[in-house]
């Protein structure tokens, strides 16, 4: 997915500091769960992201966007 914004934009949108956002992205890239280079973001390992987040996919019902 092409992201037309920078790490600063992402940090602002998430309410995180730029430093924390940068460290988090570096850890995700180091884990090979994602790739982000030249504003191209790619989920490389969905299962790894699920494990990192501690998400449990028990409820598969559609949820409202809001």
ask   = How large is the helix-only mean residue ellipticity at 222 nm for the chain, computed as the sum of -39500 (n - 2.57) over DSSP H runs with n ≥ 4, divided by its residue count, in deg cm²/dmol to the nearest 500?
value = -12500 deg cm²/dmol
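Once the piece of chain linking residue 17 and residue 53 is laid out straight, how much longer is it, given 0.36 nm per residue of separation minus the C-alpha distance between them?
Working: separation 36, 0.36 × 36 = 12.96 nm, distance 1.93 nm.
The residue 17-residue 53 span can extend by a further 11.0 nm.
So what is the diffusion coefficient of the chain in µm² per second by Stokes-Einstein at 25 °C and 0.890 mPa s, using a Kirkwood Rh over Cα pairs? Write out the running numbers ahead of the final one.
Details: Rh = 13.4 Å.
Approximately 183 µm²/s, per Stokes-Einstein.
Just so you know, all these numbers are worked out from the coordinates, no wet-lab data involved. All figures in this text were calculated on a predicted structure; none of them were measured in a lab.
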